[in-house]
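Enquirer: Here it is, the structure in full.
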Amino acid sequence: MARRKKIYEGKAKILYEGPEPGTIVQYFKDDATAFNAEKKDVIEGKGVLNNRLSEFFMTGLNQIGVPTHFIRRLNMREQLVRNCEIIPLEVIVRNYAAGSMSKRLGIAEGTQLPRPIVEYCYKDDSLGDPLVTEEHIAAFGWAGQQDMDDILSLALRVNDFLSGVMLAVGIRLVDFKIEIGRIYDGDFQRLVVADEISPDSCRLWDIETGQKLDKDVFRRDLGNLTDAYSEVARRLGVMPKSAVAKPTLIN
Ligand code: UDP
């Protein structure tokens, strides 16, 4: 294949120019980072699993009419997506208290919330992605009022879909993060779910045992990350366990 132009390299993915205008190739790396990249490792097989899992969730969302950037998977580690302008917000939806919310508000991890709570963080690694309010978002022009209405509606639809899909395989969707992109169609713009949806960006707990099947396994040194992600993939029927390379840790 001819060498492609690299557009951007992030912590877990590389973006290349796509084959047609308006498209991008997302390459899923095996790199795992946490705590704003203070903790780092290479976890063989993670990229392959996240590529498949993100394909599965994005395809499901497209099928129920929730627009996403996803076009199709290209190979084990790459998928073709629509090029979009990413709104600089991490949109977090929480069904149960965990992580930063538990710390911030002193609510025990695992406490069911009275209703899904949506939070916004400003995407800026140098600032550690701080929590912001809709006031900041409006005042600094990161998104307009119509965008915010659309983002909230997208986030809650993704939450309903993902919660249901997970519940069906005995997994609790504790919380997740999505990113939203703008796509311009002539004079119109529409918002789509972008980036990825994978166990890197969700908290997934086994309903029976409470076992963590997400990136907290890496963040908190709870065991083998590819085993956890493979278990999610296996339950969803996305990928047989044998198809995932035997995990080895490379420092
Ligand atoms: N999250 C993410 N990327 C980030 C920050 C958070 O994907 O940069 C996800 C995280 O995996 C979890 C949810 O967003 O599913 C809420 O994360 P939280 O605010 O509790 O932060 P953390 O405890 O991970 O620092």
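The values are calculated or read from the model by the stated rules, or taken from the named source; none is laboratory data. The structure displayed is predicted, hence computed values, not measured ones. We place every Cβ from the backbone using ideal geometry, glycine too, and count neighbours over all the protein chains shown. Areas reflect the complete protein model, heavy atoms only, side chains present, ligands, DNA and RNA absent. Shrake-Rupley method; radii C 1.70, N 1.55, O 1.52, S 1.80 Å.
Enquirer: Which residue is farthest from residue 47 (Cα to Cα), if the candidates are limited to the range 179-202 and must be open to solvent by 10 Å² or more (accessible area, probe 1.4 Å) and among the hydrophobic types (A, V, I, L, M, F, W, C)?
Expert: The extreme case among them is 188.
Enquirer: Just checking, how many residues over the range 208-219 are part of a loop (DSSP other than H, G, I, E, B), open to solvent by 10 Å² or more (accessible area, probe 1.4 Å) and within 10 Å of the ligand (Cβ to nearest atom)? Show your work before the answer.
Expert: In the first step, residues of the range 208-219 are kept if they are part of a loop (DSSP other than H, G, I, E, B); the result is 208-211, 213-215.
Subsequent filtering for residues that are open to solvent by 10 Å² or more (accessible area, probe 1.4 Å) retains 208-211, 215.
In the following step, the residues that additionally are within 10 Å of the ligand (Cβ to nearest atom) were identified as 215.
Total satisfying the criteria: 1.
Enquirer: Check residue 50 against each of (1) touching a strand residue (DSSP E or B) at 6+ places or on another chain (Cβ under 6 Å); (2) open to solvent by less than 10 Å² (accessible area, probe 1.4 Å); (3) more than 14 Å from the ligand (Cβ to nearest atom) and name the one condition it does not meet.
Expert: Residue 50 satisfies all of (1) touching a strand residue (DSSP E or B) at 6+ places or on another chain (Cβ under 6 Å); (2) open to solvent by less than 10 Å² (accessible area, probe 1.4 Å); (3) more than 14 Å from the ligand (Cβ to nearest atom) except (3).
Enquirer: Now for a separate question. Of the residues that make up the range 17-27, is at least one acidic (Asp, Glu), part of a strand (DSSP E or B) and in contact with a strand residue (DSSP E or B) (Cβ under 8 Å, 6 or more places away or on another chain)?
Expert: Residues of the range 17-27 that are acidic (Asp, Glu), as a first pass: 17, 20.
Remaining after also requiring part of a strand (DSSP E or B): 17.
If we keep only those that are in contact with a strand residue (DSSP E or B) (Cβ under 8 Å, 6 or more places away or on another chain) too, we end up with 17.
Checking the range 17-27: at least one residue is acidic (Asp, Glu), part of a strand (DSSP E or B) and in contact with a strand residue (DSSP E or B) (Cβ under 8 Å, 6 or more places away or on another chain).
Enquirer: Right, another one. State yes or no: is residue 40 surrounded by fewer than 22 Cβ atoms within 10 Å (Cβ to Cβ) and closer than 22 Å to residue 121 by Cβ? Reasoning before the result, please.
Expert: Values: surrounded by fewer than 22 Cβ atoms within 10 Å (Cβ to Cβ): yes; closer than 22 Å to residue 121 by Cβ: yes.
So residue 40 passes the test.
Enquirer: Pairs under 8 Å by beta carbon, first residue on the phi < 0 side of the Ramachandran plot and of a type in the set (A, V, I, L, M) in the range 114-143, partner open to solvent by less than 80 Å² (accessible area, probe 1.4 Å) and in a loop (DSSP other than H, G, I, E, B), six or more apart or different chains?
Expert: Cβ pairs passing all conditions: 137/143; 138/144; 143/87.
Enquirer: Then there's this: Just checking: which of the helices (runs of 4 or more DSSP H) contained wholly in the range 82-170 hold 2 or more residues that are more than 16 Å from the ligand (Cβ to nearest atom) and crowded, with 17+ Cβ neighbours inside 10 Å?
Expert: Working: elements: 99-105, 134-139, 145-167.
In the range 82-170, 145-167 are the helices (runs of 4 or more DSSP H) which contain 2 or more residues that are more than 16 Å from the ligand (Cβ to nearest atom) and crowded, with 17+ Cβ neighbours inside 10 Å.
Enquirer: Under 8 Å by Cβ, and 6 or more places apart or on different chains, what pairs join a residue from the range 159-171 that is free of Cβ contacts under 8 Å to residues at least 40 places away in the same chain and within 12 Å of residue 203 (Cβ to Cβ) with one that is surrounded by 14 or more Cβ atoms within 10 Å (Cβ to Cβ) and of a type in the set (A, V, I, L, M, F, W, C)?
Expert: What qualifies is 166/173; 166/204.
Enquirer: Also, quick follow-up: Among (1) within 30 Å of residue 83 (Cβ to Cβ); (2) open to solvent by 10 Å² or more (accessible area, probe 1.4 Å); (3) in contact (Cβ under 8 Å) with a residue 12 or more places away in the chain, which single condition is residue 205 missing?
Expert: Every listed condition holds for residue 205 apart from (1).
Enquirer: Checking residue 16 against (1) open to solvent by less than 70 Å² (accessible area, probe 1.4 Å); (2) within 16 Å of the ligand (Cβ to nearest atom); (3) on the phi < 0 side of the Ramachandran plot, which single condition isn't satisfied?
Expert: (2)
Enquirer: Something else about it: Return the residues of the range 56-81 that are open to solvent by 10 Å² or more (accessible area, probe 1.4 Å), β-branched (Val, Ile, Thr) and under 16 Å from the mean Cα position of the chain (by Cα); say none if nothing qualifies.
Expert: 59, 68
Enquirer: Cβ-Cβ distance below 8 Å, separation of 6 or more or different chains: which pairs start in the range 33-58 with a residue that is free of Cβ contacts under 8 Å to residues at least 60 places away in the same chain and end on one that is open to solvent by 50 Å² or more (accessible area, probe 1.4 Å) and of a type in the set (A, V, I, L, M)?
Expert: 51/76
Enquirer: Looking at 36, 50, which one is in contact with a helix residue (DSSP H, G or I) (Cβ under 9 Å, 6 or more places away or on another chain), closer than 17 Å to residue 216 by Cβ and in a helix (DSSP H, G or I)?
Expert: Working: 36 fails: in a helix (DSSP H, G or I).
Sole residue among the options that is in contact with a helix residue (DSSP H, G or I) (Cβ under 9 Å, 6 or more places away or on another chain), closer than 17 Å to residue 216 by Cβ and in a helix (DSSP H, G or I): 50.
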